[in-house]
Every structure is written in structure tokens, then in C-alpha cells.
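These notes are about the structure you will find just below.
Since every read-out is calculated from the coordinates, none of them should be taken as a lab result. As the structure is a computational prediction, the values presented were derived from the model and not from experiment. Every residue, glycine among them, receives a Cβ derived from its backbone with ideal geometry; neighbour counts consider all protein chains shown.
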């Protein structure tokens, strides 16, 4: 079952990216909304789905992250736009941080300020790549994958940490 969920998780952003390319968002806030939709599904964490995030940015290549934030919800503030540039602030309710193996629970507020610029007729997110912010639904399959690997390696302490992370997110 997890293999099926993993395949669905892996290919869903690819299917979405084709639809989004034809209907590219027209405003800075709409670009940020589309970016967050792809990012929160975990697209930035996988080279195969990276393009569904990258299409909204000027980031030339997939960045390698050590982990991601796990978020409960987000709220996009109204954007500010002037002279072909825009700023959009996103406020997140963070549950914790996924380090690639487990989630260190540390609930807090996080604010991401995204700078956008008009490139041709499209708005693009500029600056350094933002650390991915995944929903719990996107993080759980990653944890399940780590759990299976840890069980295969026979490391009970790591297995316990991952199982605790899974319970905390459910």
C-alpha cells in the first residue's frame, strides 16, 4: 500500500505541473499560492517533481535540503506590488522540523517573505531557495520510507524515533 501511495505522491505534482504551465498564475499572490501547493505536497524534496516548484521561481536547479519544516497550515497576506516587483508574506503554523529521519516537534509561528519579479509576462519568485514546508500528509510517506529502511538496518533506536514522529503527526 505504501508503494502505491508513494507512486501517487511522486507523480501527482508532475500531472499538476502540466496543467499549471498552460494556466500560469497571473498575479504575485496566485504564483505564491501555486508554489505553496506544490511545495507543501513535497515536490521540492524530489528531483522527479522539482519542476512543479521550480516553474514558479528563478531557481535554476534543484537545491539539496537537509530537511524541511512540517506545517499545520499557512496564511498568505495580501501582496505588495510596484514597478514589476512584488512582495508576498506567508505565515505558517509549524509543527516541527523533519531532518530526513525524524520530526523534532517544536510548534511555532514562521514567516516566509517571498520577493517576486516580472520575467516576460510571468511573475517569478526570486532570491535564495526557501526551505521546503510540507504538510503532515506529505511528510508521513517520507517517514514511512525512513521507517522501512531503519527496520532493514536493524537499528531499534532509530526505528523508535521514527515511530514516535509518525505518532506525533497522526
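Note on residue 80/residue 170: beta-carbon distance plugged into 1/(1 + (r/R0)^6) with R0 of 41 Å gives a FRET efficiency of 0.60.
Counting neighbouring Cβ atoms within 10 Å and putting the fewest first, the residues 59, 65 line up as 65, 59.
Give me the angle, in degrees from 0 to 90, between the Cα long axis of helix 2-22 and the longest principal axis of the Cα atoms of the chain, rounded to the nearest 10. So the inclination is approximately 0 degrees. Relative protection proxy for 116-127, 42-53, from highest mean packing down: 42-53, 116-127 (other beta-carbon atoms within 10 angstrom). At the listed q of 0.29, 0.31, 0.32, 0.33 Å⁻¹, the Debye profile of region 118-157, built from one uniform point per Cα, gives log10 I(q)/I(0) equal to -0.93, -0.97, -1.00, -1.02.
The alpha carbon centroids of region 127-170 and region 61-106 are separated by 18 Å. Modelled this way, with points 7 Å down the Cα-to-C-beta line, the labels at residue 63 and residue 108 are 1.8 nm from one another.
Here the gap between residue 51 and residue 27, fully extended at 0.36 nm per residue and compared with their Cα-Cα distance, gives a gain of 6.7 nm.
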